[in-house]
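Below: one structure, written as structure tokens.
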Amino acid sequence: MKKISKKQGYWGFDTRNIDTKVRAQDDFYHYANGGWLRKTKIPPEESRWGSFTILRYNTEHQLKKIVTTTKHPLVRGVYRSAIDMKTRNKLGAGPMAPLRLLVRDIKTKEDLLKIIARLHVLGVSAGWGSMVDQDSKDSSRYALHLWQGGLGLPERDYYLLDKPEQKRVRAAYIAHIKKLSALAGASAKESEQISRTVLDIETKLAQVSMKKEDARDSEKVYHKLTVAQLQKLSPNIDWADYFERTHAPGIKTLIVGQPEFFKAVSAMIKTVPLEEWKTYLEWHVISDCSSLLSDRFIRENFKYAQVLTGQKKMRAPWRRALGATGVVGEALGAEYINRYSPAASKRTMDALVSDLFDVYENRIKKLDWMSAATKRKAIVKLRAMKRKIGYPTKFEKYKGLVIESDDYFGNMLRAGEWHHRKQMRKLRKPIDRAEWHMTPQTVNAYCNFGMNEIVFPAAILQWPFFDAKADAAVNYAGIGSVIGHEITHGFDDQGSKFDAKGNMKSWWTAADRKRFMQKSKAFVSQANGVEVEPGVHINGQLTLGENMADMGGLVIAYEAYQRYLKKNRRSMVAGLSPEERFFLGYAQMERELSRPEFKKLAALTDPHAEASWRINGPLSNFEPFYQTFNIKNGDRLYRSPSSRAQVW
Ligand SMILES: [Zn+2]
């Protein structure tokens, strides 16, 4: 083991976090982070604690200063109304009474459908969902999308599987339905009946829901239908009336994610008795509204959430109230940018992003498995990919949204309807290419296939992802690989189906596509079967896109850093070479502690794999890592060259 200095100036990584008892060659994630993981405790209010969550937590403190001092009436109003527990406790279950009455007054199946439509407008989930997004095959237009839904548990398998974890969560959900119903006024006998009916209907919905692995497949969820065709597919729902009531009147065509689901729901409208549907709807009103009510409701919600997340303590009221400001997120974001976002980091980012695009293009040109014809198209797509960094050019003003500082419940319902109407208005408008799907204060990034763009909100442009004072190795490994990750999404198993204009349209030669699909299989088989908690494994198909993006991010960031080193002097820091520092910075980016309950939830629902895999997985496929740390056959991270997964 070489000598690593523990006394060092700041360079973005603290070598005291290295665990020298772990061999870098066997488990690099724990080697780089073991010291930190050992001395860090997950705060009781958290279910996970690491690079992303800590930065989010710090950002929340900045946002708290804004919401408690701002003069912006909407931001201030939402926050004040949310944190005013005195008023909320006084009102108890009262605010949701009008919605429950709507449900109780249902007398016919026609009424039932009208009320479902009304609830959808207000943002209450029931049965299915509708939203507006680009038409995947004609990205110059918006289209209405119908999507399966109506479940209370996180995912269909929680209803259908009898494995220990699904049974555990299901039992807790049943208890939760009973308790929340009782709080809303039901007797013990009624609560029992409600829980049985709800579980029965939701299980039926789960049985006809598309699996999550298929639901992330862009082709499997694209079914363009005329309204007449939809009506024929699901005759017991008056769709023209539903669209009229949900502010999408007169549409002629739409995209249905899961036709089989809608066929089955239509049948259920007929076969399930009206009284049972009413019970189901009233439960969804209570469940969706409960977080807007008094302490008693919030405490019960938290008790149920604990089963899923393992969180020990409820978050402080200010943090919960801050969460509510998401409904006016861009108004808050504009102030966040004014107070906290240095323009310099945006400029440095611009340069860094251009760097990475350069490297990407160069790598595509050199790929040995892709034909010249497909390469040309890939480069056209890459060059057309737009980059949004920091914050939008225009911020949403929320015109017409009424916010009262003593009416939290009303605020959130009005906001729900305001956002719903805004969505539906898009159907009559040209594509808004300036729109952002994340606020500037979000610690995250995304790739949008339909827009062919990658987006980096201001809040992620901070350590450990990016810090102007840190060593370039850490910045390239951090934000460099985040940028590479997002670019690669445009070329992952799904993104690669979309062309330069954002249309789902094959631009590959058949032989290249076949080779690409063959190569991507290695990611699935590597991740499949990695056990994250006893009996719960990573789902290779569900995490395929993210795992490919992680690999691409690493490869691109590393090469960009090598280019940087050619132009700048190589140096040793803390006794570490530039490459060693790069890999340490890379591992630091994903360091995270999470509770067992949360780990299981994430493995069963999240398309991102568990933290240590997100580091060790890509590294075990990456030759420069082998060279830097002298990985040999027999080391646990070793893979034979033919079994390594790499596409880009
Ligand atoms: Zn991703």
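We did not get these values from a lab; they are worked out from the coordinates using the rules stated. In this text, all values refer to a predicted model and were calculated from it rather than measured experimentally. Note that we place each Cβ from the backbone using ideal geometry, even for glycine, and neighbour counts take in every protein chain shown.
Of all the C-alpha pairs in the range 537-648, what % are more than 23 Å from each other?
On the way: 2219 of 6216 pairs.
Tail of P(r) above 23 Å: 36 percent of Cα pairs.
Cα-based radius of gyration for the range 359-410, normalised by 2.2 N^0.38 Å, reads 2.30. Charge tally for Pro440 (other residues, Cβ to Cβ under 13 Å; Lys, Arg +1; Asp, Glu -1): +1. Both radii were evaluated on the Cα set of the range 1-111; the Rg over Rh quotient, with Rh as the Kirkwood radius, amounts to 1.28. Computing FRET efficiency as 1/(1 + (r/R0)^6) for Arg376 and Ser571, where r is the C-beta to C-beta distance and R0 is 51 Å, gives about 0.80. Any of Lys394/Lys429; Lys312/Lys388; Lys381/Lys521; Lys365/Lys469; Lys386/Lys600; Lys86/Lys399 with alpha carbons more than 26 Å apart? Name them for me. Pairs exceeding 26 Å: Lys312/Lys388; Lys365/Lys469; Lys386/Lys600; Lys86/Lys399.
Protection proxy ranking, highest mean first, for peptides 607-618, 455-466, 7-18, 507-518: 455-466, 607-618, 7-18, 507-518, where packing is the per-residue count of other beta-carbon atoms within 10 Å, averaged. The GluC sites (Glu not before Pro) of the range 179-233 that DSSP puts in a loop, and whose beta carbon has at most 13 other beta carbons within 10 Å, are Glu219. On a per residue basis, the convex hull of the C-alpha atoms belonging to the range 140-244 measures out at 156 Å³. For Lys388, the residues 5 or more places off, or on other chains, whose built amide H falls under 5 Å of its own are Ile454, Val455, Phe456.
Rounded to two decimal places and with Rh computed the Kirkwood way over Cα pairs, what is Rg over Rh for the range 52-155?
Result: Rg/Rh = 1.09.
Filter the DSSP H helices in the chain by two things, a Kyte-Doolittle mean of at least -0.5 and an axial alpha-carbon span of 24 angstrom or more, and list the hits by number.
Flagged H segments are 51-69, 164-183, 343-366, 544-567.
Volume of the convex hull of the range 278-358 (Cα atoms only), normalised per residue: 203 Å³. If R0 is taken as 22 Å, the Cβ-Cβ distance between Arg38 and His608 corresponds to a FRET efficiency of 0.40.
Looking at the chain only, what percent of DSSP beta bridges run antiparallel? Nearest 5 please.
Of those bridges, close to 75 percent are antiparallel.
I need the peptides 364-372, 487-495, 417-425 ranked by packing, meaning the mean over residues of other C-beta atoms within 10 angstrom, with the highest value on top. Display every interim value, and only then the final one.
On the way: 364-372: 12.7, 487-495: 23.7, 417-425: 16.9.
Packing proxy ranking, top to bottom: 487-495, 417-425, 364-372.
Which number comes out as Rg/Rh for the range 454-559 once both Rg and the Kirkwood Rh are worked out on C-alpha atoms? Looking at the range 454-559, the ratio lands at 1.04.
Relative to the compact-globule estimate of 2.2 N^0.38 Å, the Cα radius of gyration of the range 587-648 comes out at 1.31.
Computing FRET efficiency as 1/(1 + (r/R0)^6) for Ser140 and Arg299, where r is the C-beta to C-beta distance and R0 is 41 Å, gives about 0.25.
The Cα atoms of the range 93-292 cover 52, 40, 32 Å along the three principal axes, with the biggest extent listed first. Share of Cα-Cα pairs in the chain beyond 45 Å, in percent? Value for the chain: 20 percent of Cα pairs lie more than 45 Å apart.
Amide H contacts of Ala126 (H built 1.01 Å from N, in plane; Pro and chain starts excluded): Gly150 sit under 5 Å, all sequence-distant by 5 or more or on other chains. Three principal axis extents describe the C-alpha atoms of the range 1-53; from largest down they are 39, 29, 17 Å. From most to least packed by mean Cβ count within 10 Å, the peptides 273-280, 474-481, 36-43, 130-137 give 474-481, 130-137, 273-280, 36-43.
Remark: the Lys521-Lys220 segment gains 106.5 nm on full extension, using 0.36 nm per residue and subtracting the alpha carbon distance.
Using 30 Å as the Cα-Cα cut-off, could you pick out the over-long pairs in Lys41/Lys65; Lys65/Lys179; Lys64/Lys397; Lys313/Lys426; Lys204/Lys224? Can you show the working numbers first?
Details: Lys41/Lys65 26 Å; Lys65/Lys179 36 Å; Lys64/Lys397 21 Å; Lys313/Lys426 41 Å; Lys204/Lys224 25 Å.
Violating the 30 Å limit, Cα to Cα: Lys65/Lys179; Lys313/Lys426.
Using the Stokes-Einstein relation with a Kirkwood hydrodynamic radius computed over Cα pairs, the translational diffusion coefficient of the range 351-479 at 10 °C and a viscosity of 1.306 mPa s comes to 88 µm²/s. Rounded to the nearest Hz, the phi-derived 3J(HN,Hα) couplings of the range 140-149 under the Karplus curve 6.51 cos²θ - 1.76 cosθ + 1.60 (θ = phi - 60°) are 8, 10, 7, 9, 7, 10, 9, 9, 4, x, where x marks glycine and proline. Sorting Leu151, Leu161, Leu180 by the number of Cβ atoms found within 10 Å of their own Cβ, with the fewest placed first, yields Leu161, Leu151, Leu180.
Please give the net charge around Gln423, taking every other residue with its beta carbon less than 12 angstrom from that of Gln423, where Lys and Arg add +1 and Asp and Glu add -1. Before the final figure, lay out each step's value.
Values: positive: Arg421, Lys422, Arg425, Lys426, Arg428, Lys429; negative: Asp133, Glu417, Asp432, Glu435.
In short, +2.
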